[in-house]
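What follows is calculated from the coordinates using simple rules that are stated; it is not laboratory data. Not measured: the values here are computed from a predicted model. Because the Cβ atoms are built from the backbone with ideal geometry, glycine has one as well, and the counts that use them run over all protein chains shown.
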């Protein structure tokens, strides 16, 4: 059924520049904040400066009297005290899920939580008046440390739960029957002189997604349907969840995600502010707009990562791994996000990675603290898992005196062993770790750099060289609905698509996967052009508006191509089947004699034929069509994958460390990814580059720091140090020439949105430690700042140095010393 | 982010600016490019009643030669300084340090006078002005006066500028033929200096005959590393001698501690970076 045009004319595989770029790059598009219906009023949120406190009084009078103010509202004023935001992932039946209110009423549970809102005629008036709302607090003890939080006698974030533990989720391969018991593996290794047991603790620091466009929502209550524009990754989920949360009938709600400027998981939630724009628009009968400031975003938008990982690996002294035991503490923050509790659980299936661990167990305890919520952040659970396993494989190599790449090769699944069912029961359909690794080692000059490393060590060079390895895989294409069901996830994982064949031969494609910067419009157009044999330019991709695209499960988890793209293929197949029937009728031939190629339906063995555009017109005119069909080629499809897809790759980093200052210089970064068949190499390269930057940023640059009172101390981009292009080298990226195409979908694609982020963090940290290992350094916490590296070297030398403070502010004190909760520096 | 409400005036002359400043009183703020003031306003760290924008005063811009001095108008943007031939020839250290400030966009807006008057000890140009013994010309209602850089920097964000006064010119003595280098260490490429060292040295026949060393972000003001200078003069420009002299870099400093660098690390950096800066300047 698939078009078999001349391969040189195929769109798939072409490095097309993106259709979206002209409007996005020139800023001539509409983001949510650019939408201002007539009469719009503006919302500003008054947020708690304290992490944990009882609200003892709210004085709204000065704010209410301020110019332009329509009203100042608390949860009680709005009658929404009983409204709770949804958590869609009860990971265990007894998961403790405190209700997250739209606005705190009695107690605030994290710094940045909303307590009241101001509605005013202009943004500036709303912002000015918000400063005039006086809230009195009685401070409570903050809960900041996960281990302390679950110790007996800890201060409770939510006393009514009687614990700070939300849930403990266990996967035991022995019990599940997918592998051996890890307890037995550890006992056996301990008893065996030819085996070793290695334990390490890794810290996944808290990160902030830091998307480019701040979050924003506009609600217009006029019209039969209430319209909610939102800077969201999940317009469809937002519509359903707004119904669940506020009781607005789903049919009375239209959600539009216009162009959205990045998300990285950070726009996957259902926000109190989004719900408040709906509540207030209904109450006041006027459009309401909310757009956060960057400081609000850093403070109150959900954060990512934040895990303590205790890892035990067992192995034979010949290097063969025999077991992996994973214990996690995952910081949920003060409440559970929409899918927050499931994020660490997504990692459960990835700690075993590409290796043939015969025994495995995963235990994760989700913990409440008085910090901002955590939820999905690019990779969601899988970067954490990949980091831990790739770090401990390096540790094992050191312990056994082996080359770290050799040790990996010894333990990974060989290409001839696919399909391979792993210790967690997932079946990796395809893969070729040898191919990607060989190519990467050659591009990197692994042997040459190892020689240089040896030279520098021997010469005691002040600049030492480290080589960091990460041979990662990931599960993407979230996800088979039945698998999600078995994990108690609150939705399926299918995706919907429709194709409309217009009378004039143009094609409209509707997808439920709404992009927020990925380039769906371009990649999906390429797929449809090949499927239907129409010009790329004739395909229009429509998305992100529930009136246009009523059905979808949105964009996250590298699912757009592997799930959404396949739904489009399925819809195209139905279009072709209908067109074939119509062609047979018009050409007075048997349907079996109709051949489809390059957009033309021809009668086999003749020169008679109809182009797909002619058939679309014939269906529109409907003057002559078969009795047993409707006069339309338009088709819908819903695709639910049967398996995840498993991209993989080998990432290598050459790290130079200035041992005198601790400065880390990423000299060279090579990655070779096998992401299956590639639709658009340019988009792939962009995704990999951006992903690398984000993963490298975790390793070297980013961390959300809280002081001992639970105040986020780096709540501006002055202090929250995102790297720019100037901080990173030019990456050497490649995809393998002969990819192990996914067998789980007809395009053989796997997904690439998260690969760079998942793979790169351990490559960098492994490289940092490799550069310093001979000096006695065994660990450097992330981010590996120059100060941390310098202190690690001093510690290894036995030189005592002072503690690194985290509760003070960075240089550039003129800006850097801003406390976002108390920017004026006022004392209590 | 939206700043608090303020009035805005854009005088066309220094005299008008001084008048506006006097009328504005305590809450008036001068906008001299905006590198720091604009973010401070946007974050509502300051809520001035009136902003006096010096951007319309032509007489405050430009670079000229005045005998033994290079004179730079306070409102001359970084970009112009970096590219100016007189600066490159006679005050190369200033061009080198200025080129490290922030990013390209900011370098087109931010000004030398604005940076010095803001007196952020993490700012790069204070150490240069101090090390090079610049003179700062200050205009007020009663005329103008000149103070040395040493007297100009008083404390954290505090200078010798009095109420109703405006910095108009910065006069740098010529350091023609001196070697110079600005060694900057920061967390990300465009961040403030965690520590930086400004060095100009005169080398005659392999011997350092004169040295000027200034430190960024090692105290509440820019700091002159007099101990290093004294240790350098008369020494050969060899790596060992320079490293020994650099050990004096922390004398007289009061290194701050913050999340990027606690004081002990900063002190260590000051020594290492001083050695590197002098070596580069003398090389």
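Remark on the stretch A:404-469: ratio of C-alpha radius of gyration to 2.2 N^0.38 Å is 1.52.
Counted over the stretch B:76-134 with a bin width of 10 Å, the fraction of Cα pairs per bin, in whole percents, is 25, 62, 13. Cβ crowding within 10 Å, taken as a proxy for footprinting-reagent exposure, orders A:711, B:188, B:146 from fewest neighbours to most as B:146, B:188, A:711. So what does the Cα-only Debye profile of the stretch A:562-625 read at q = 0.24 Å⁻¹, as log10 I(q)/I(0), no solvent term? The calculated log intensity ratios at q = 0.24 Å⁻¹ are -0.96. Counting Cα-Cα pairs of the stretch A:225-367 in 10 Å increments starting at 0 gives whole-percent bin shares of 10, 30, 25, 17, 11, 5, 1, 0. Taking other C-beta atoms within 10 angstrom as a stand-in for reagent exposure, A:346, A:50, A:449 fall in the order A:449, A:346, A:50, fewest first.
The Cα atoms of the stretch B:239-283 define a convex hull whose projected area, averaged across directions, is 3.2 nm². Helical content alone sets the calculated 222 nm signal of chain B at -9000 deg cm²/dmol, taking -39,500 (n - 2.57) per DSSP H segment of four or more residues and averaging over every residue. Okay, helix-only estimate at 222 nm for chain A: each DSSP H run of n ≥ 4 adds -39500 (n - 2.57), divide by all residues, round to 500 deg cm²/dmol; what do you get? When only DSSP H runs of four or more count, the value is -8500 deg cm²/dmol. If the Kirkwood radius is taken over C-alpha pairs of the stretch A:432-555, then at 37 °C and 0.692 mPa s the Stokes-Einstein diffusion coefficient equals 171 µm²/s. Relative intensity of the stretch B:7-56 on a log10 scale, I(q)/I(0) at q = 0.17, 0.22 Å⁻¹, equals -0.45, -0.73, per a Debye sum over C-alpha point scatterers of equal strength in the absence of solvent. Calculated on the Cα set of the stretch A:500-613, radius of gyration then Dmax: 15.6, 48 Å.
Here A:350, A:405 are placed in order of increasing Cβ neighbour count within 10 Å, fewest first, which gives A:405, A:350. Taking 4 °C and 1.567 mPa s as conditions, the protein assembly as shown diffuses translationally at an estimated 41 µm²/s according to Stokes-Einstein applied to its Kirkwood radius (Cα pairs).
Over every Cα atom in the stretch B:158-213, the radius of gyration and the widest Cα-Cα span, Dmax, amount to 16.3, 49 Å.
Give the Debye-formula value of log10 I(q)/I(0) at each listed q (0.20, 0.25, 0.32 Å⁻¹), with one equal scatterer per alpha carbon of the stretch A:24-69, two decimals each. Listed by q, the Debye log ratios stand at -0.88, -1.04, -1.23.
Per residue, the convex hull around the alpha carbon atoms of chain B comes to 120 Å³. An ellipsoid equivalent to the stretch A:132-268, defined through the eigenvalues of its Cα gyration tensor, has semi-axes of 44, 25, 18 Å when rounded to whole angstrom and sorted largest first.
Once each part is reduced to its C-alpha centroid, what is the distance from the stretch B:32-92 to the stretch A:751-784 in angstrom? For the stretch B:32-92 versus the stretch A:751-784, the Cα centre distance is 42 Å.
Taking a quarter of the surface of the Cα convex hull of the stretch A:229-285 gives a mean projected area of 3.9 nm².
For the stretch A:8-86, the fraction of C-alpha pairs farther apart than 16 angstrom is 76 percent. For the stretch A:432-494, the Cα gyration tensor yields ellipsoid semi-axes of 44, 15, 7 Å (square root of five times each eigenvalue, largest first, whole Å). Computed from the alpha carbon positions, the gyration tensor of the stretch A:592-741 leads to an equivalent ellipsoid with semi-axes of 55, 22, 14 Å, biggest first.
Distances between every pair of Cα atoms in the stretch A:74-126, grouped in 5 Å steps from 0 to the bin holding the largest one, split as 4, 16, 21, 18, 17, 13, 5, 3, 2, 1 percent.
The spread of Cα positions in the stretch A:338-439, taken along each principal axis and listed from longest to shortest, comes to 46, 32, 28 Å. Computed over the stretch B:181-282, the percent of Cα pairs more than 21 Å apart is 26. P(r) tail for the stretch B:58-173: Cα pairs beyond 17 Å make up 49% of the total. Computed on chain A, with alpha-carbon pairs under 8 angstrom and 6+ residues apart, the relative contact order is 15 percent.
Within the stretch A:599-641, name every residue whose backbone N is under 13 Å away from a label modeled 7 Å from Cα of residue A:591 along the Cβ vector. Inside the label zone: A:626-630. What do you get for the angle between helix B:14-24 and the principal long axis of chain B? Use alpha-carbon atoms, 0 to 90 degrees, nearest ten. Computed tilt is about 70 degrees.
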